Amino acid sequence: MDEDLKLHGSWASPYSLRVIWALKLKGLSYEYIEEDLANKSDLLLKYNPIFKKIPVLLHDGKPICESMVILEYLEQIWPNQYPLLPIDPYERALARFWVNCFEEKSVSLWLIFRAKGEEQERAMKDSLEMLETIEEHAFKNHKNNIFFIGGKIGIVDIAFGWICHWLKIIEDVGGVKLLEENSFPNLHKWMKKFKEVPLIKESLPNHQKLFLPFKLIRDMLLAS
């Protein structure tokens, strides 16, 4: 199916990468439009007037916003091209549960990045509780599989995927350490396998290139 797909995103955004990973896994051709988030384009503001955020996917001129909504949309339109959700209804429900859980709880990780003092300590506590929950419960259905649900990357892996790279940025910029290997062996094993997949590995931005703008943003937020 030859259809017009355009993605408005940012190279530094893990949420843009979620969509890029899904598009590439499904083998879908698309045009990428890099947005300057300090000077958002008129098109971005037109396509996402509510939140004014990336990513925005255009499909035949129709905008779809929010990374996980976009992934669900892609799955509905192209269900047979590299399915992101399991076929089994229970496993499908389980996948959606962990995606929703992570979307709600992972806000605390970004609070570490933009806070200091007691506020950062609370965010650290909440983040560790979330990571411990994932470590203890999310891998119970792994059996001998490498990824969360099944033997290949699925929607849960894509949702969680940004912590493989951006969590280290949050730690370095925020001056903290969260994900100790001896405390989170399952997560570390999964992160290693996820980043070894060529499609994932080749798409991750350079750590130092990411660190500098994130450090600048944190400094500006704390100074305001």
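Based on Cα positions only, what radius of gyration and what Dmax would you give for the chain, in angstroms?
Taking only Cα atoms of the chain, I get Rg and Dmax of 17.6, 53 Å.
Taking only C-alpha pairs under 8 Å that are 6+ residues apart, what is the relative contact order of the chain in percent? Working shown, then result.
Working: 243 pairs, mean separation 43.7, N = 224.
Relative CO of the chain lands at 19 percent.
List every residue whose amide H lies under 5 Å from the amide H of Glu66, counting only residues 5 or more places away in sequence or on a different chain, with H placed 1.01 Å from N in the peptide plane.
none
Could you sort out which of Lys52/Lys193; Lys40/Lys192; Lys26/Lys168; Lys152/Lys209; Lys24/Lys62 sit more than 26 Å apart by Cα distance in this structure?
On the way: Lys52/Lys193 34 Å; Lys40/Lys192 35 Å; Lys26/Lys168 28 Å; Lys152/Lys209 29 Å; Lys24/Lys62 20 Å.
With Cα atoms farther than 26 Å apart: Lys52/Lys193; Lys40/Lys192; Lys26/Lys168; Lys152/Lys209.
Leaving out ligands, DNA and RNA, what percent of the accessible area of the chain is carbon and sulfur, probe 1.4 Å?
Carbon and sulfur together cover 54 percent of it.
So for the chain, taking the charge dipole from beta-carbon charges (+1 Lys/Arg, -1 Asp/Glu), which of Pro83, Gly154, Gln208 sits furthest toward the positive end?
Most positive-ward Cα: Gln208.
Please report the antiparallel percentage of DSSP beta bridges with both residues in the chain, rounded to the nearest 5. Don't skip to the answer; put the middle values down first.
Values: 8 of 12 bridges.
For the chain, the DSSP antiparallel bridge percentage is about 65.
Could you pull out every one of the aspartates and glutamates with an alpha carbon less than 16 Å from that of Lys189, ignoring same-chain neighbours closer than 8 positions?
Partners within reach: Glu132, Glu135, Glu136, Asp157, Glu180, Glu181.
Determine, from the Cβ-Cβ distance of Lys192 and Glu119 and an R0 of 30 Å, the FRET efficiency 1/(1 + (r/R0)^6), rounded to the nearest 0.05.
0.40
Take the Cβ-Cβ distance between Glu132 and Ile50 as r, set R0 to 45 Å, and report the resulting FRET efficiency rounded to the nearest 0.05.
Details: r = 34 Å, r/R0 = 0.76.
Computed FRET efficiency for Glu132 and Ile50: 0.85.
Grab the other residues whose beta carbon is less than 9 angstrom from that of Ser183, score K and R as +1, D and E as -1, and report the net. It would help to have the intermediate numbers written out before the result.
Numbers: positive: none; negative: Glu132, Glu135, Glu180, Glu181.
With Lys, Arg at +1 and Asp, Glu at -1, the net is -4.
Identify the GluC sites (Glu not before Pro) of the stretch 1-71 meeting these criteria: DSSP loop state and at most 15 other C-beta atoms within 10 Å of the C-beta. Intermediate values should be presented prior to the final figure.
Working: sites: Glu3, Glu31, Glu34, Glu35, Glu66; in loops: Glu3, Glu35, Glu66.
Those satisfying the criteria are Glu3.
How large is the dipole of the chain about the Cα centre if only Lys and Arg carry +1 and Asp and Glu carry -1, each at its Cβ, rounded to the nearest 20 debye? Let's see the in-between values first.
Working: 29 positive and 32 negative charges, 58 e Å.
The calculated dipole for the chain is roughly 280 debye.
Would you kindly state how much longer the chain becomes between Lys152 and Glu103 on full extension, computed as 0.36 nm times their sequence separation minus their alpha carbon distance, in nm to one decimal? Intermediate values should be presented prior to the final figure.
Numbers: separation 49, 0.36 × 49 = 17.64 nm, distance 2.12 nm.
Answer, rounded to one decimal: 15.5 nm.
The values are calculated or read from the model by the stated rules, or taken from the named source; none is laboratory data. Computed from a predicted model, the values in this text were never measured in an experiment. With ideal geometry, Cβ positions are generated from the backbone for all residues, glycine too; neighbour counts draw on all protein chains shown. The protein model used for the area step is the full one, side chains on, heavy atoms only, and it has no ligands, DNA or RNA in it. Shrake-Rupley method; radii C 1.70, N 1.55, O 1.52, S 1.80 Å.
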